[in-house]
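Notes follow the structure.
FYI, it's all coordinate maths here, none of it is from the lab. Bear in mind the structure is a predicted one, so any value in this text is a computation, not a measurement. Cβ placement follows ideal geometry from the backbone for every residue including glycine, while neighbour counts extend to all protein chains displayed.
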Amino acid sequence: MSNMDRDILLKRDQSFFDALVAGDLAVLEELLADDFVLVGVEDGAVADRKIVLDLMASGSLRFPQIHSFPDEAIVRVIGTVGIVVGRTGMNFTNPDGATFSAGSRYTHVYAADALGVWRLVSAQGTAIKA
C-alpha cells in the first residue's frame, strides 16, 4: 500500500465524520456506496444507506461531536478494498431523543468504484469500555 492510498482513505474517513457532524447529506450521498451498511456502536443495530440518510435528513440522528485519531489508524488496501480500523470519541443523539457518548474502535470498509473513487460500504463501531 502506498502512502497516497493511506492518505486518501483517511481523508475519506474524516469526510465521513465531518459530514455526520455537519448533517451534510450531499457529502454522505457521495461517500456512501449504494449497498452501505452501518452497525451501531451503542446497540449493534443494522441500518442501510437509506435509513441512515433518512435519519440524518429528518434530524432524528445527530452527531454534535466526533473526534477521530487518524495517527492511530490501521489502514490496509487489498485490491480494490480499503479497510480502516480507527478510534473515535463521539456524542450523538438517537432517533428517540436519547443522547449517548462513546469512545469506540471502528472498522470502515471502502471499495473503489469503476472510476477508482473510494466508497464506504460498511461501518461498524465497538464501544471502548473503561
| message | Quick check: convex hull over the Cα atoms of region 3-127, volume per residue in Å³, rounded to an integer? | response | 94
| J(HN,Hα) series, region 99-110, from Karplus relation 6.51 cos²θ - 1.76 cosθ + 1.60, nearest Hz, glycine and proline x | 9, 8, 10, 7, x, 9, 9, 10, 10, 10, 10, 10
| note | To the nearest 10 degrees, the tilt of helix 49-58 (Cα long axis) against the first principal axis of the alpha carbons of the chain is 50
| Which ordering of 7, 13 is given by a fewest-first count of other beta-carbon atoms within 10 Å? | 7, 13
| query | Given 0.36 nm per residue, what is the gain on full extension from residue 26 to residue 7 after removing their alpha carbon distance, in nm? | reply | 4.6 nm
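When only Cα pairs under 8 Å and 6 or more residues apart are kept, what is the percent relative contact order across the chain?
This gives 24 percent for the chain.
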